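To keep things clear, I will list the structure first and then write my remarks on it.
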Amino acid sequence: GDLDKVVNLLLSLSGRLARVETALGSLGPHAPAEDKVALREKQRLLVAQLEDAKELKEHVGRREEAVGAMVARYLPAEHLQDYQHFVKMKSALIAEQRELEEKIKLGQEQLRCLRESL
């Protein structure tokens, strides 16, 4: 459960940071200074939060290793391999699920815009 939460947090913060950086990059030279300052402050906060989330992921990783070592004492070899594979794939599958959800949202938004333009 913690792994799910931390991976989702990392993905969310990364996405928000990317959007802020895109917004910063798209500001023209005549954009109000307040907008630039606000976006830079938001960027600074997101970078700090992202670093904190990476530390959380490292902590969860250390806990995962400790749990894995305990599980290894009790599971037969074939079950242990299944367990290790599950843990490795879980993060990748969460990231893939999040990416697919974002693509679905984008597609729905594009469809809504197309319907409105007709």
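Numerical summary
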item	result
Enumeration of residues in segment 20-51 that are charged (D, E, K, R) and under 13 Å from the mean Cα position of the chain (by Cα)	51
Filter result for the condition that a residue is without any contact (Cβ under 8 Å) to a residue 60 or more places away in the chain and outside the structural domain of residue 7 (by the TED database), over 35, 82	82
Qualifying residue in segment 28-48 (condition: surrounded by 15 or more Cβ atoms within 10 Å (Cβ to Cβ) and within 25 Å of residue 97 (Cβ to Cβ))	yes
Of the criteria (1) touching a residue at least 60 places away in the same chain (Cβ under 8 Å); (2) β-branched (Val, Ile, Thr); (3) farther than 16 Å from residue 1 by Cα, which one residue 47 fails	(1)
Unique residue being part of a helix (DSSP H, G or I), within 20 Å of residue 14 (Cβ to Cβ) and not basic (Lys, Arg) when the list is 37, 60, 67, 87	60
Some residue of segment 1-9 being among the basic types (Lys, Arg) and loosely packed, with under 14 Cβ neighbours inside 10 Å	yes
Per-region count, segment 61-79, residues more than 16 Å from residue 3 (Cβ to Cβ) and touching a residue at least 40 places away in the same chain (Cβ under 8 Å)	0
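The values are calculated or read from the model by the stated rules, or taken from the named source; none is laboratory data. Nothing here was measured: the structure is a model prediction, and the numbers come from that model. Every residue, glycine among them, receives a Cβ derived from its backbone with ideal geometry; neighbour counts consider all protein chains shown.
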